[in-house]
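First the structure, in the form of structure tokens, and then the observations on it.
The values are calculated or read from the model by the stated rules, or taken from the named source; none is laboratory data. Note that the structure is a prediction, hence the values are computed from the model and not measured. Virtual Cβ from ideal backbone geometry, glycine too; neighbours counted across all protein chains shown. In case anyone asks, the SASA skips ligands and DNA or RNA and just uses the protein heavy atoms, side chains included. Shrake-Rupley method; radii C 1.70, N 1.55, O 1.52, S 1.80 Å.
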Amino acid sequence: MKDLILAGRRAERCVIGLKDVTIGAKEIILIGGPCAVESSLQMRRSAETVKKAGGKILRGGVFKPRTSPYSFQGLGLEGLNYLVQAAKDHGLLCVTEVIDAQSLDQVVNRVDIIQIGARNMQNFELLKLVGKINKPIILKRGLSATIEEWLLAAEYVLAAGNPQVILCERGIRTYEPSTRNTLDLSAVGVAKELSHLPVIVDPSHAAGRRDLISSLSKAAIAAGADGLLIETHPNPAEAASDGPQSLTPGQFIQLAGELGVVASSVQRIFTAGRPEDTIESLRAQIDSIDQIILEKLADRMQIVRKLGDQKRLDQVKVASRQKEIVQRLVNLANELQLPAELVKRIYPLIFEFGIQSQIKSHLAQEKELELSTYYPTSGK
Ligand code: PEP
Ligand code: MN
């Protein structure tokens, strides 16, 4: 793509390191918080939620670019203090949006990341200004911006001297009215193909409704996003802005707990916060792990059956393959500090039931074959 001199694709992807947080590497970064900062208590509760979920960055708008001039415009500097304090008290980084030179001046030395909102994606003077600072910039995709326009907006920041840009897909305007915007998940792959910059996804402003946030977040990770920016509010019904798309604290924490498996399915990592160690929560964790173990055993059994259907049973080969598997798993068990004996005892049983199910499947197939030889279907 023409003119992506600095933002274009390179051999090495851009990885942004900020204190103990790395954006654009293997780990998926979770950013959470309310649309707008409303009070100190609201921010403390939000920070607590983000921390518990395993999020690393607290968000909250203090200068709100609202569609209507009569909507809540943000608390300004007072709100900034609440955001910064809550993040600090909970060991989180923080991000807020700037809308002009003055707001940039006011926040630049107080927050860790600066956000340029969708409505300002092509505010070229503002892009040049954030290009002169030494802090990462989250650059939201404009409401109706093409991917090329979005990347060229990033180029403005890079060309002005700031290489730390994080692209954020937050839905684009289409003819579809069921959601606030249409989340363009292909943009994640396209932007990552055309550029070396990290790409995160904001499902909240895309969907505009909380019931879709969980599935869109997972889809975003599967699509290659480096992080998620999700709105959460201690009491969404009372939120000054974007309540309908904000997750409750419980929903936010639950979603975070579900992201790890999606991340690992695409060779990424997300570590959810550790739930509190009450007896109930520990039991719930054990129950959900047991369920996963059983579901995976069922999957394994099905694959073993398919394998059995594809070959004649060859016991010699099976025995040597079983030995190999056990050896590999014993090594893994050692790495995971599990007793090797556990593998040695459990796996013979798994193999035995696998072979039994292969034999059953063979017998069933033979019977079917016999029946079809005696009673061939008459071709009418
Ligand atoms: C926001 O993140 O608070 C916001 C206003 O988002 P967007 O610019 O994507 O509409
Ligand atoms: Mn919002």
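Of the trypsin sites (Lys or Arg not before Pro) found in region 140-195, those that fall in a DSSP loop while having at most 13 other beta-carbon atoms within 10 Å are ARG173.
What's the magnitude of the charge dipole for the chain around its Cα centre, counting Lys and Arg as +1 and Asp and Glu as -1 at the beta-carbon? Answer in Debye, nearest 20. Display every interim value, and only then the final one.
Numbers: 47 positive and 43 negative charges, 146 e Å.
Dipole magnitude for the chain comes out near 700 debye.
At a probe radius of 1.4 angstrom, the accessible area of region 248-290 per residue rounds to 66 square angstrom. Is region 189-328 best put as rounded, prolate or oblate by its Cα gyration tensor, with a ≥ b ≥ c the root eigenvalues, rounded for a/c under 1.5, and otherwise prolate when a/b is larger than b/c, oblate when not? Prolate, since a/c reaches 1.5 and a/b exceeds b/c.
Expressed as a fraction of 2.2 N^0.38 Å, the value expected for a compact globular protein of N residues, the C-alpha radius of gyration of region 164-271 is 1.06. The string of couplings for region 47-58 from the Karplus curve (6.51, -1.76, 1.60, θ = phi - 60°) is 4, 4, 4, 4, 4, 4, 6, x, x, 10, 9, 9 Hz, one whole number per residue in order, with x for Gly and Pro.
The GluC sites (Glu not before Pro) of region 255-298 meeting both criteria, a DSSP state outside H, G, I, E and B (loop) and at most 14 other C-beta atoms within 10 angstrom of the site's C-beta, are GLU276. A Förster radius of 35 Å, combined with the Cβ-Cβ distance separating THR278 from LEU41, puts the computed FRET efficiency at roughly 0.90. Relative intensity of region 55-164 on a log10 scale, I(q)/I(0) at q = 0.11, 0.15, 0.20, 0.21 Å⁻¹, equals -0.34, -0.62, -1.06, -1.14, per a Debye sum over C-alpha point scatterers of equal strength in the absence of solvent. For labels at GLU12 and ASN134 in the simple 7 Å Cα→Cβ model, what's the distance in nm? That separation, rounded to one decimal, is 2.0 nm. For region 1-63, the list of trypsin sites (Lys or Arg not before Pro) that fall in a loop by DSSP and count at most 16 other C-beta atoms within 10 angstrom reads LYS2, ARG9, ARG10, ARG13, LYS19, LYS26. The protection proxy used here, the mean number of other Cβ atoms lying within 10 Å of each residue, ranks peptides 232-238, 83-89 as follows, highest first: 83-89, 232-238. Working note: Karplus 6.51/-1.76/1.60 with θ = phi - 60° gives region 259-267 the couplings 7, x, 5, 5, 4, 5, 5, 10, 6 Hz, where Gly and Pro are set to x. Amide H contacts for ALA36 (H built 1.01 Å from N in the peptide plane; partners 5 or more residues away or on another chain; cut-off under 5 Å): GLY61, SER241. Under Stokes-Einstein, with the Kirkwood radius over Cα pairs as Rh, the value for region 237-314 at 10 °C and 1.306 mPa s is 98 µm²/s. Reducing region 166-209 and region 66-117 to their Cα centroids gives an inter-centroid distance of 22 Å. Pairwise Cα distances in region 270-349 exceed 14 Å for 77 percent of all pairs. Put simply, the amide H of GLY227, placed in the peptide plane, has neighbours under 5 Å in ILE29, VAL201, leaving out anything fewer than 5 places away on its chain.
Grab the eigenvalues of the alpha-carbon gyration tensor for the chain, scale each by 5, take roots, and send me the semi-axes largest first in whole angstrom. Walk me through the numbers before you get to the answer.
Details: eigenvalues 469, 121, 91 Å².
Computed over the chain, the values are 48, 25, 21 Å.
For the chain, the mean residue ellipticity at 222 nm estimated from helices alone is -16000 deg cm²/dmol, where every DSSP H run of n ≥ 4 contributes -39500 (n - 2.57) and the total is divided by all residues, rounded to the nearest 500. Scanning the chain for chymotrypsin sites (Phe, Trp or Tyr not before Pro) that sit in a DSSP loop and have at most 10 other Cβ atoms within 10 Å, the longest stretch containing none of them is 176-380. For a Förster distance of 35 Å, can you work out the FRET efficiency between the beta-carbons of ALA159 and ASN109, rounded to the nearest 0.05? After rounding, the FRET efficiency stands at 0.90. Remark: region 112-117, residue by residue, has Karplus-estimated 3J(HN,Hα) of 8, 9, 10, 9, 9, x Hz, where x stands for each Gly or Pro and the curve is 6.51 cos²θ - 1.76 cosθ + 1.60 at θ = phi - 60°.
Express in nm, to one decimal, how much length is gained between SER71 and ILE346 on full extension, taking 0.36 nm for each residue of separation and deducting their alpha carbon distance.
Fully extending the segment from SER71 to ILE346 adds 92.8 nm.
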